[in-house]
Each structure stands twice: as structure tokens, then as C-alpha cells.
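Worksheet for the structure shown next.
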Amino acid sequence: MSTFLGMPALPVYGTGNLHAAESFPKAAHRELGNAQLRANLGHATHTIRDKRLQVVSELPDWEQLRDAGSAIKESVMARLPELLEQFEANFTARGGVIHWARDADEANQVVAGLIRDTGETEVVKVKSMATQEIGLNEYLEEQGIAAYETDLAELIVQLDHDKPSHILVPAIHKNRSQVRDIFLREMEGVDPELTDEPARLAAAARAHLRRKFLTAKVAVSGANFALADSGTLAVVESEGNGRMCLTLPETLITVMGVEKLLPTWQDLEVFMQLLPRSSTGERMNPYTSLWTGVTEGDGPRNVHLVLLDNGRSAALADEMGRSALHCIRCSACMNVCPVYERTGGHAYGSTYPGPIGAILSPLMTGIQAEENSSLPYASSLCGACYDACPVKINIPDILVHLRSVDVDSKRGTKKIPTQMDVGMKAASWALSSGKRLGLLEKGLPLGRLAAGPDKKITKLPGIAAGWTQSRDIPAPPAQSFRDWWAKEKDGRK
Amino acid sequence: MSAREDILGRIRAALQDSPEVPEIPREYRAESGMDQDALVHLLVDRLVDYKAQVSVVDAAGVPARVAELLAEARSFVVPAGLDAGWLAGLDGGPGAGRLRPDSAAAPLSVAELDSTDAVVTGSAVAVAETGTIILDGSPNQGRRAITLVPDHHICVVQVADIAGILPEALRRIDGTRPLTMISGPSATSDIELERVEGVHGPRRLDVIIAR
């Protein structure tokens, strides 16, 4: 019997790597100074988005697939308790074991406990956003368990003691010579003559991980999809490291957010068309693995799944924001975002960067958590992310909604009016009457004086200083439009 | 309260506004309507685009092509249920000491697989539009590990098993089997987005399409 009594419950927010430790403007300002990062990112995002447009245009029914994908996810959210129970029953019936985790800490403890039960102190890992989110690798290290990332980009990031900067290509902020230096410095037994050719670097990673794959007893993965009607899990990848981890070890532990469900096997036909094309701009990714519990004689004998809440139920409680949970982590939104392209992923301070991160992180942590309230403002609201999203998440609308949540949450908390309040008051006074505005416009020539001979204002005082921190303002015109119009009209008479 | 009850309770509370369960519009394509020649042509085009090697042969030509592709392999693994006729072209009978059979009942060890050069399998279904081959663990495809660890995968696709688009292909598959969908050889684009074929999975994928 469920103990739910229909009480209005307060949302329970997520923990782990979802919190920005400093505000987006502050972090972005620092990251903007990194010319290498901007060059790499600009190249990467433009290349992927061009490829994506090309393969998307090949499909005559792309918009119909998006409509189906969006409606399937909407129905998943509406039916989530029922689908979770159905999935659990099917997965368990085929020999899998389900664990539930309220937050990051609990998930980490469950995974560590399962690994400890095997007697092993090493695990191989498939790239997974969920385990990034809960900070699993760091937790396992504290527990004396070594977790080896096996995706090439994750391996680069892990060896460099760095953080991923992109959902799909986490090491995109590093170029080939940086990767070679990291390998030479951190990889045991690497050929000192290693060049920076990508093929040579990939071969070095293969050699480095080969023995690990062939001897690992335990693997940890995420999952891209879970099918409720059969209890099937799916991992989508390219290199074969996923297949290695999912099939060779004796024990497989998967960590997955509760929102990843799809109701039926048929729904996979929609998402396996939407995901690869949106993500890498390929018609299909090289490898997809699907498994349903345990198969006798093929693959791991102990199959576990940790179902993770960690703030997802809180996001679900936000009627406007809940569609952020439709996200299939394809990263199409970040590849078209003018803000992400310039700041990179680290500026967002969460596992989830870019436009989707700007809504998902504050939804999962609550808008008041640390510096996450600045994330909904990390956007020009240009709408490119909405156009690119394969499941039609209306990111701009949710950004605006979260800005209002942020403003509401701060209402009444400040007693002394800020410069912004004063400025807004003044603007409201000036803009409420044509006469007042006209009077103020007489001051325009003063602005030209301030701009000097190069016709640029490089530094504004007070609250307006923020505006000129990273850009110049062109000098105001010699006369206002209204003055010009008045003269023009008179001249024509 | 258990974590399970707690989480399900939170989710039910979050859905107190009883959001509508929408009808799923399925106006996307369910069939490609392509004839067999068009299917083969498209599949070859897409496989080649993924840097797989492809040959289209008559059913009777499969053994010769398999033998040709295995010429340099010092050893190769085959699943127990592979069509024995496909290996008939090998000098001195099937494999002449090079062949290593594998089955769930008598599996090769991972180390044995690692020291094996190639693998020959059949396939369950292929998707022409995406260049994808689906293996479902049937007796002529075997355990997932055998198509993963050896460096060269030779895969025979029967023309009757080619579907035009993904929805047609998935309809022919039992989703509860251990499934592997393969589109070209192993690849990565993680360093400056430059595509490199062959990381951890087989670096060579040879597809024989049998008419």
C-alpha cells in the first residue's frame, strides 16, 4: 500500500554536481578570456551543427518525429509512477535488481555498496551524465575504489583532473597537442614518441584500456532509454567502450534518472531516429546495446539498476518547467547557443551546461540554491535552442518563467533600494510621458562629448558599468529621432 | 519510509495537477516502400559512408567471399549456429585448424577471443536508410562478446533481412533479446572532432550482402 496521502508536499531538491559555486556572469567573464577554448568551441559547435542540419534535412518526416517524441515524453511525465512500477516489474522478472535513490549521496552509497559486495576495488565506466551529476567517481575514490572512465573524451578529462565542458564531446576544449601532453604525463607505459595525430592518440587510449576491459569484473554505466513494457535498457555510443563494459564484466551497475523511461518498444523507433541525428549529426551512432535483465550465457550475471530522483521530482512539480525532463541529452541546444559558444560549459557550474542546463539545474536544485539563480539569465532568448531541440522543449519560455520565479523569490528580501531599482524607477518616470523623454533627449550631445573622438563609450558609471565590461557603446546620435522627425515634417510642409 | 515509496510519493505529489496524457501523433513514416534493388543500393551506400567494406554476392558466392576475407586471419571465431556452408570455401575444410567455435554452453574465454583475429556471423535485420546491422544473439550471431573483441568482423546480411527504415526493422525484432546495433566499425570523434575509425570495437567491418 502506498503511503501517499495526497498532502501537498514541498519539493525535495537535488544534490551533487548541479550547483554553480559562482554566478554565471562572473564565471563567464573569466572563461571569455580563454582564447583557446573559444576557438575550439567555435569550430566544434559549427561543425556539429552543420552536420546535424544536413542529416536532419534528409528525413522528410523530421517534424512528425519531433511531434511524436515530444508527446511521448509528455505522456511519460504524466504517467511516471505507473510506468516506473511497470518497468520495475519487468526488469525484476528477468533477473535484474532495482535500487532507488532519493539523492546523490544515497545513489553513491548504493553503488559503492554493490561494488564492495563483489570484493572488487576497480571498476570500468561508460560515459554517463547521471554519474557525473552525483559525483560518483570522487565518492568511490574516497571509498578506496578506482573508477576508470573508458570513453576517450572522459578519459582525457579524467587524466587531466579536469571537468567535462560539453555533454557530447566532454574534452572539446582541448586540442590535439594538449591531449598528447596529457597522455605523455599521465598514462603509464605510453610511447614517448607519441605524436598528436588523433589516430595515434586513439590507439594509445585503446592500448591503455585494453587490459582493463578484458579483466574488469564490475562495470558502471548510465542508460539512454528504459522501456517500461519490456524492462529493457539501452546505451547509445560510438567507440565500443560501452559494449566492452556492458558485456564483458560479471556485474553491471547502471545509474539512471527516473525520467529516462519510454512506455513501449515502439517508442524506441522515434528516439533512435531523433537522438543520433541531433547529437553527433550522424544517421546512426556506431553502436547501440540493449539488454533486458540477465541473459543466460551472454553478458553480466548480476545486473543492477539504480533509479535516481535527485531533484527530478522537484522539476516535475513545476508545471511550466517540467518539460525540461523531456531532455534526451543530445546537446543540440548547446551547439546552436551563442552564449554557450563563447563561454563554454564550465561557466554553467553544473553537470548540465548550455541552454538545457540553464533551466534544468535551477529546476532540480531550486532557484535559490547557491548561484543557480543567475543561470536563467545566461541567454539572449534568441530561440535557436527551441528550434534545434528534437523533443521540442520550449527552453526560452522556461527561461523567462524561471526569471520570474527568481524575482518572486527575492521579493521583499531587500530593504534598501538597489541601483537597479533606482534606475528602473527613473526609466519608468521618463518613459511614461513624451514630454519627459523629449526633455531627457536634449542631453544626447553630452553623450557624444563623453564618447570622445573615437565615438565610443568604453566605461559607464555605477550599475551601468556592467554593460561596458565586455563591450563599448557607440556614441549617441547628434539628435534624437523625434527632433529629426519634427524638422523633417516642417521641411515637407 | 523506503526510498522507493518516498520517490514514488514525491512524484505523485508533483503530478497533483493531473496533467493530461496526450495522444501520440504517429504521422512519421512507418514504411519506406522501397523495392529490393533500392534497399540493397541504399544499404551499400550508407555502409560505405561509414567506412565499412561491402560486397554484394549471390547466395552461392558467400563461401568464396568469406574465404577471401579470412585469407590473412590466423584464427577466427564463429557462433555455433553459423551456416556451415558459408565456411565451405576455406582451404582444407572449414578453417583447417584456424576455426574456433563459440556458444553459450562452451564459450571462449575473453583472453582467447582477444587472441583471435576475426569473427564471422550472420545478422538479424539491417536498416538501409541508416546503414545499421542489428544482431539479436540468435544461434548464427552468437554471444555479444564475439563480435566485439576480435579486430575484424565479417557479417553476412541476407537480402530478405534488409528493412528500409528503422520502424520497419524494429518491428521484426524481439526487444528482450540481448541486442547490438552496429553502424560501421568502432569510431571516435573526440579529438578536435576528427573521426578515427577503430577504438575498442572491431576496426574492420566487412559486410557481405547475399542475394
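The values are calculated or read from the model by the stated rules, or taken from the named source; none is laboratory data. Since the model is a prediction, treat every value here as computed from it, not as a measurement. Cβ: placed from backbone, ideal geometry, glycine included. Neighbour counts: every protein chain shown. To get the accessible areas, we keep the full protein, side chains included, count just its heavy atoms, and leave off ligands, DNA and RNA. Shrake-Rupley method; radii C 1.70, N 1.55, O 1.52, S 1.80 Å.
Residues whose amide H falls under 5 Å from that of B:VAL77, counting only those 5 or more places apart or on a different chain, are B:ARG100, B:ALA118, B:VAL119, B:VAL120, with hydrogens built in the peptide plane.
Cysteines of the protein assembly as shown lacking any other cysteine Cβ under 4.7 Å from their own Cβ: A:CYS245, A:CYS327, A:CYS330, A:CYS337, A:CYS382, A:CYS389, B:CYS155. With a simple spin-label model that places each label point 7 Å from the Cα along the Cα-to-Cβ direction, the separation between A:LEU32 and B:VAL21 comes to 4.9 nm. Backbone N atoms of the stretch A:467-493 closer than 19 Å to the 7 Å Cα→Cβ label point of A:ALA450 belong to residues A:467-481. Annotation: amide H of A:ALA228 within the under-5 Å range of A:LEU262, A:THR264, sequence separation 5 or more or interchain, hydrogens built in the peptide plane. Computed from backbone phi, the HN-Hα couplings of the stretch A:163-179 come to 10, x, 10, 8, 5, 8, 10, x, 9, 5, 7, 10, 9, 4, 6, 5, 5 Hz, rounded to whole numbers (Karplus: 6.51 cos²θ - 1.76 cosθ + 1.60, θ = phi - 60°; Gly and Pro given as x).
Beta-bridge orientation, chain B: approximately 25 percent antiparallel, per DSSP, counting only bridges with both partners inside. Taking every residue in A:261-271 and counting other chain Cβ atoms within 10 Å of its Cβ, the average works out to 4. Can you give the angle from 0 to 90° between the axis of helix A:395-410 and the longest principal axis of chain A, with both taken from C-alpha atoms, to the nearest 10? The two axes meet at around 70 degrees. Using a probe of 1.4 angstrom, how much of the accessible area of the stretch A:1-159 is carbon and sulfur, in percent? Reported share for carbon and sulfur atoms: 52 percent.
In this structure, A:THR47 and A:ALA199 have a Cβ-Cβ separation that, at R0 = 30 Å, corresponds to a calculated FRET efficiency of about 0.95. Dividing the convex hull volume of the alpha carbon atoms of the protein assembly as shown by its residue count gives 202 Å³ per residue. If you sort the three axes of the alpha carbon gyration tensor as a ≥ b ≥ c, you get a/c under 1.5 for the stretch B:51-209, which makes it rounded.
Using a Gaussian network model of chain B in which every pair of alpha carbons under 10 angstrom is joined by a spring, one finds that among B:THR188, B:THR180, B:THR147 the greatest mean-square fluctuation is at B:THR188.
Over 26 Å between Cα atoms, which of A:LYS125/A:LYS174; A:LYS174/A:LYS392; A:LYS410/A:LYS456; A:LYS456/A:LYS489 qualify? The pairs that break the limit, which is 26 Å between Cα atoms, are A:LYS174/A:LYS392; A:LYS410/A:LYS456; A:LYS456/A:LYS489.
When nucleic acids and ligands are ignored and a 1.4 Å probe is applied, A:ARG283 ends up with an accessible area of around 30 Å².
If Lys and Arg each add +1 and Asp and Glu each add -1, what is the summed charge of the other residues whose beta carbon sits under 11 Å from the beta carbon of A:ASP181?
That sum, taken over residues with Cβ under 11 Å, equals +1.
Axis of helix A:35-57 versus longest Cα principal axis of chain A: the two differ by about 70°, to the nearest ten degrees. Taking amide H atoms as placed 1.01 Å from N in the peptide plane, the amide H of B:LEU108 lies under 5 Å from those of B:SER103, each 5 or more residues away in sequence or on another chain. Per residue, chain A exposes 43 Å² of solvent-accessible protein surface, assessed with a 1.4 angstrom probe and all protein chains in place. Note on the stretch B:6-68: the C-alpha convex hull projects to 10.2 nm² when averaged across all orientations. In straight-distance terms, cross-link reach from A:LYS442 covers every one of the aspartates and glutamates whose alpha-carbon lies under 13 Å from its own, apart from those fewer than eight places away in the same chain; here that gives A:ASP483.
Structural descriptor for chain A: relative contact order 21 percent, calculated from alpha carbon pairs under 8 angstrom and at least 6 residues apart. The interface between chain B and chain A buries about 7800 Å² of solvent-accessible area in total (1.4 Å probe, ligands and nucleic acids excluded). Helical runs assigned H by DSSP (4 residues or longer) give chain A a calculated mean residue ellipticity at 222 nm of -14500 deg cm²/dmol, each run adding -39500 (n - 2.57) before division by the residue total.
Computed from the C-beta positions of A:GLU22 and B:ASP114 and an R0 of 51 Å, the FRET efficiency is 0.60 to the nearest 0.05.
Between A:ARG301 and A:ARG210, take the C-beta separation as r, use R0 = 35 Å, and let me know the FRET efficiency to the nearest 0.05.
The calculated FRET efficiency here is 0.95.
Computed from the alpha carbon positions, the gyration tensor of the stretch A:33-93 leads to an equivalent ellipsoid with semi-axes of 37, 20, 11 Å, biggest first. Legend: translational diffusion of the stretch A:154-230 by Stokes-Einstein, Rh = Kirkwood radius over C-alpha pairs, 20 °C, 1.002 mPa s; D = 150 µm²/s. To the nearest ten degrees, helix A:354-365 and the longest principal axis of the Cα atoms of chain A are 70 degrees apart. Size estimate for the stretch B:1-140 follows the Kirkwood approach: the inverse of mean 1/r over distinct Cα pairs works out to 19.5 Å.
Once you have the Kirkwood Rh of the stretch A:335-431 from its Cα pairs, apply Stokes-Einstein at 25 °C and 0.890 mPa s and quote D in µm²/s. Reported coefficient: 167 µm²/s. Taking a ≥ b ≥ c as the square roots of the Cα gyration tensor eigenvalues, the stretch A:236-291 comes out oblate, since a/c reaches at least 1.5 and a/b does not exceed b/c.
Here the stretch B:97-183 has 51 percent of its accessible surface on carbon and sulfur atoms, given a 1.4 Å probe and all protein chains in place.
Site pair A:SER177 and B:ASP91 shows an inter-label distance of 5.0 nm when each label is modelled 7 Å from Cα along Cα→Cβ. Under the simplified labelling scheme, the B:SER2-B:ALA106 pair shows an inter-label distance of 4.4 nm, with each label point 7 Å from Cα along Cα→Cβ. With the convex hull of the Cα atoms taken as the outline of the stretch A:339-493, the averaged projected area works out to 13.8 nm².
Rolling a 1.4 angstrom probe over the protein heavy atoms, how many square angstrom per residue are accessible across the stretch B:49-139?
Numbers: 3740 Å² over 91 residues.
Roughly 41 Å² per residue, with all protein chains present.
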